[in-house]
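Written below as structure tokens is the structure these notes are about.
Just so it is clear, none of the values below were taken in a lab; they were calculated from the coordinates. Since this is a predicted model, take the numbers as computed values, not measurements. Glycine gets a Cβ as well: all are built from the backbone with ideal geometry, and neighbour counts include every protein chain shown.
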Amino acid sequence: MDDDLISKKELLEITGISYGQLYRWKRKILIPEDWFIRKSSYTGQETFFPRHKIIARVDKIINMKDDLSLDELADVFSPNAGETSLRSTELIERNIVSSMTLDLYVEIQGKQDDFTFDNILCIYILEKLLKSGELSRDEGVMLVRTMEEHYGKLAGKNGELVLIRKMGVSTLFLTESADQMYFDTGVKWVIRLPLATSIEELKLKMNEREE
Amino acid sequence: MEQKQQPRNDLNISGIGRMGGGVFKDVKIDGMGKIGGDIDCLAFTSNGTVGVEGSLQAESMNINGTAKVEGTATLDKMVIGGMSTFDDNVYCRSVVINGRVTFGESLKSDKVEVGGILKAKGDVQCETFSVKGHFTIGGLLNADHVDIKLNLPCSAQEIGGEHIVVRKWKSPRFWEQIQHGFSIRLKAHNIEGNHIDLEYAEVDTVRGNDVSIGPGCTIRLVEYKNTIHLDPESKVGSCVRI
């Protein structure tokens, strides 16, 4: 765990950002409070961050801050679902999901006019995994059912979606964290997808079309 | 939407009174008032003693006597001329303190102006923080612009931001000439920012791009990136360029 931490000083050196920016982003909750880890070091108390998470986040903020205001960025990074709901035609027109995926979703869940953010997230993840070829159609059905039934319980948390396979039989589940999970040797991890990244991607996709 | 369906009425307490909370237009308390629950109003004015046992939501809050809010306070504007205590978190766009305010948790704001005394046990986060008085912050003071005019001893655990300027407000007076223990200083463990300009500060570590250390400072370690200015009258343990 210790190897994965980066000190504040090192972070500023690597990314080239200033103290002012870092503190401003902290105020706007672009960097979550629990990433600031206080530890004592030989120079007194120092602040550390989880190395991979913080560098990825800072890079993203730097890349996106020209297009979006800080408040909009804060919205992108928050794990809370957006308020928006869209109609099926809008989803297709705005190129958020393809009509094929949407048809599959409708086939499973029945026809509906308005899609909430959670519904759209489910369709978006379905599309992403189907396109990458990691998910079969039958597993897609499983995904939609699981997401629709259980996603609400994880809303606002940083959940993960996991798919494992053993001897051609697949199991899919949602969990708050897949860090501490061990299986017997025949099990293969097929997919491990943090929901928060998909939420970020989807929010960005929905934002850029609005402008 | 809900507000339109429900007409807001005024609440006036003159003398001694107790109310259970609710939704009001203007709340005015002259005397002693106690509000037993959550209150939602447009303007909250008190000229006497008031206690809110629940949360407070208001557009403006004006206190000239004493006030105590036990729940969270969500305000747009607050002007405190008397003494106030907030036990829980406070969110307020603009804060003006001329009296004495204690925040039991943290304060989140846009603009904080202190002419009196501010005490916070948690963090204070805002865009501009200007003080001509006294403050004690138990956590982090995180502000874009920090402008401190020392008038009384001040302290914070950490200060972070873009511009940080600490100045002494008045020239040394009577007490200081008698004994140095009365000297007015800013105490902090860490100060980190882009532009740091300090006077009369007692800090463990100062880190910044452009650092200027004026008279009367005691600092263990200064780390700077671009420029440094050290006053010969200040004590700096070590100074490193990174």
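Per-structure values
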{"read-out": "Charge dipole (debye, nearest 20) of segment A:85-206; +1 at Cβ of Lys and Arg, -1 at Cβ of Asp and Glu", "value": "240 debye"}
{"read-out": "Relative packing of B:155-168, A:172-185, which averages over residues the other C-beta atoms within 10 Å, highest first", "value": "B:155-168, A:172-185"}
{"read-out": "Whole-number D in µm² s⁻¹ for the protein assembly as shown, Kirkwood Cα-pair radius fed into Stokes-Einstein, 20 °C, 1.002 mPa s", "value": "83 µm²/s"}
{"read-out": "Share of alpha-carbon pairs per 5 Å distance bin for chain B, given as whole %", "value": "1, 6, 13, 18, 14, 12, 10, 8, 6, 5, 3, 2, 1, 0"}
{"read-out": "Average other protein chain Cβ within 10 Å of Cβ, residues B:205-211", "value": "2"}
{"read-out": "Fraction of alpha-carbon pairs over 16 Å apart in segment B:1-105 - percent", "value": "52 percent"}
{"read-out": "Whether segment A:103-180 is rounded, prolate or oblate, judged on the alpha carbon gyration tensor where a/c under 1.5 counts as rounded", "value": "oblate"}
{"read-out": "Helix-derived mean residue ellipticity, 222 nm - over chain B, DSSP H n ≥ 4, -39500 (n - 2.57), to 500", "value": "-500 deg cm²/dmol"}
{"read-out": "Percent of Cα pairs exceeding the 28 Å cut-off, where the set is segment A:54-211", "value": "23 percent"}
{"read-out": "Reach of A:K39 by Cα under 17 Å, taken over lysines that are not fewer than 8 positions away in the same chain", "value": "A:K8, A:K9"}
{"read-out": "Contact order normalised by residue count of segment B:1-105, Cα under 8 Å, 6+ apart, percent", "value": "16 percent"}
{"read-out": "Size of charge dipole - segment B:125-242 - debye, nearest 20, with Cβ of Lys, Arg +1 and Asp, Glu -1, no other charges", "value": "380 debye"}
{"read-out": "Length-normalised contact order of chain B in % [C-alpha pairs under 8 Å, at least 6 apart]", "value": "7 percent"}
{"read-out": "Neighbouring partner chain Cβ atoms per residue of A:20-33, average, 10 Å criterion", "value": "4"}
{"read-out": "Protection proxy ranking of A:112-119, B:231-238, B:74-81, B:94-101 - average other beta-carbon atoms within 10 Å, highest first", "value": "B:94-101, B:74-81, A:112-119, B:231-238"}
{"read-out": "Neighbour cut-off at most 14 other Cβ (10 Å), DSSP loop, GluC sites (Glu not before Pro), segment A:76-167", "value": "A:E83, A:E134"}
{"read-out": "Sorted largest first, extent of segment A:1-76 alpha carbons per principal axis (Å)", "value": "40, 22, 20"}
{"read-out": "Cα gyration tensor, segment B:125-242 - rounded (a/c under 1.5), prolate or oblate", "value": "oblate"}
